[in-house]
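Step one of this worksheet: look at the structure below.
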Amino acid sequence: MCPFSCHESNASRLSPVIVWHRSAIIGTLACALHVSASFCQAQEVPAPVRVHQIMQRRITLEREFIGTATPRRRSTIGSAIDGRVMQMFVREGDAVQAKDPLVRLRTGTLEIELARAKAQLDLRAHELAEMLNGSRPEEIEKTKAQVEGARAIFEYTEARLRRARQTYDNGAVITLDQVEEALSQSIAAKNILQAARADYQMALEGPRKERIAQAQSQVIIQNKVIQQIEDRIKLHTLKAPFDGYIVKRHNEVGGWASAGKPVVEMVELNPMEVEVLVSEKFVTHVRPTAEAIVRFDALPDREFVGEVIRVVPQADLRSRTFPVKVQLVNPTRANQPLIKAGMFARVTLTSHLANEALMVLKDSLVLNGNRRIVFVIVPASQQDNTTTVKAVPVTLGNSDGLWIEVRGDITAGQRVVIKGNERLRPQQAVRVIP
């Protein structure tokens, strides 16, 4: 049994010396504990930590979204007329340039019509040239000679008519019929002379302006006929509307191409577009011309820098997401595009907000249950030459990589612990490592 038992029956029998001795022992133990605590506190070593300043700057938001590589343009090329396929110049996967021939239909009948129309044009052109050149010198000389001959005949008939009249007036033997016959011959000779003079004048002046205009119109009409036939022939050759790749052939050589039916299908893949579905919470911060980082699971070793070109202002009512179009350069390898249409893409969109915020490095955050705290450096004062830390609860905001927005009892320029903060406690002494 303990000789220092506090039981009442024994306490009454203890001597005063024993009671004093017990009190002394208890006092000695208490004093020893107090001295030990003071000694330990005096011997505490400041914890080494690294720090970084709290910064106030503009927030750059970054979010990763899922997207799909889509062609910039897609064209299903069909025939404008009915015809039989004579040649197919491309295969699926071929790269083509704008205006390259893709398919040719049969044009034998049209080529015959074109040759006939060109021959007719030559005829009309020669007729026009003949009119523009005017009368030949030989023709003018011929009409001039005809005028001279008609004048001689007219003068002869005039002289004969005068003699017949004089004879008749003198009562010589001549009948009236003979006089009238001489008159009619004179009139006929006069008309022939006038006609010869008119022919001569026409030969000198050349064709009339109206006839030249008619001939010119005939040439124009025939040219239009040729253009019409050539245009019909062009319709028989289907050409690429832009630079791209053939992805589908809907017909073959010998097949019948119907008007309005597809023949080949092609896509434009450079530049490439990536369609990203952006949530309504973030789409208000996305602006055209903003930079976008694009990664493809099929190309893990490549990263592409794109640009936002369009934000479609119509959401999908089920997912509440808005299509955002990102455009990027699509390099080629072995004459094939590196990025294929339909590839799965991960797009990081950035957005610059107008407001500024207090930002800290993410390494400064410490989990404390459901709370987030940072340890703020409390500089040493004249009374206390020890640098300590203060635990400050913070609320998190937006993040842009290594930095994160915080709200709490902190100010810009303060220093927070970014390394060595896992085992810190409030008011603990610390030593800042440069």
*Using the Cβ atoms and a cut-off under 15 Å, what net charge is assigned to the surroundings of residue 198, where Lys and Arg are +1 and Asp and Glu are -1?*
+2
*Using alpha carbon centroids, what distance separates the stretch 151-215 and the stretch 402-434, in Å?*
132 Å
*Label residue 115 and residue 98 with points 7 Å out from Cα along Cα→Cβ: what is the distance between them in nm?*
3.6 nm
_Which three extents, in angstrom, do the Cα atoms of the stretch 241-310 have along their principal axes, listed largest first?_
54, 30, 20
*Rg to Rh for the stretch 261-409: what is it, with Cα atoms only and Rh by Kirkwood?*
1.18
*Taking every pair of alpha-carbon atoms in the stretch 220-279, what share in percent sits in each 5 Å bin, from 0 to the bin with the longest distance?*
4, 12, 15, 15, 13, 12, 11, 7, 4, 3, 1, 1, 0
*Across 142/190; 362/390; 340/362; 118/144; 281/390, pairs whose alpha-carbon gap is larger than 28 Å*: 340/362; 118/144; 281/390
*asked:* To test your reading of the geometry: what angle, between 0 and 90 degrees and rounded to tens, separates the Cα axis of helix 176-205 from the longest principal axis of the chain?
replied: 20 degrees
*For residue 325, go through the aspartates and glutamates and keep the ones whose alpha-carbon is under 20 Å away, minus same-chain ones fewer than eight residues off.*
62, 64, 268, 273, 275, 280, 291, 297, 303, 307, 316
*Qualifying aspartates and glutamates (Cα of each under 15 Å from Cα of residue 419; at least 8 residues distant if same chain)*: 363
*Over 15 Å [Cα-Cα, the stretch 178-276], rounded percent*: 81 percent
*What per residue convex hull volume, in Å³, do the alpha-carbon atoms of the stretch 115-231 yield?*
123 Å³
*Once label points are set 7 Å from the Cα along Cα→Cβ at both residue 151 and residue 261, what is their separation, rounded to one decimal in nm?*
7.9 nm
*Which percent of the Cα-Cα distances in the chain go past 38 Å?*
68 percent
*Could you name the aspartates and glutamates whose alpha carbon sits less than 20 Å from that of residue 209, not counting residues in the same chain fewer than 8 places away?*
127, 130, 139, 199
*Of the trypsin sites (Lys or Arg not before Pro) in the stretch 318-402, which ones lie in a loop per DSSP and count no more than 11 other C-beta atoms within 10 Å?*
318
*Could you work out the local net charge near residue 227, counting Lys and Arg as +1, Asp and Glu as -1, over the other residues with Cβ closer than 13 Å to its Cβ?*
+1
_Can you give me the long-range amide H partners of residue 134? Hydrogens built in the peptide plane at 1.01 Å from N, cutoff under 5 Å, separation of 5 or more residues or another chain._
none
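Every read-out reported here was derived from the displayed coordinates using simple, explicitly stated rules and does not represent laboratory data. Just so we're clear, the structure is a prediction, and the values are computed from it rather than from any experiment. Glycine also receives a Cβ, built like all others from the backbone with ideal geometry; neighbour counts cover every protein chain displayed.
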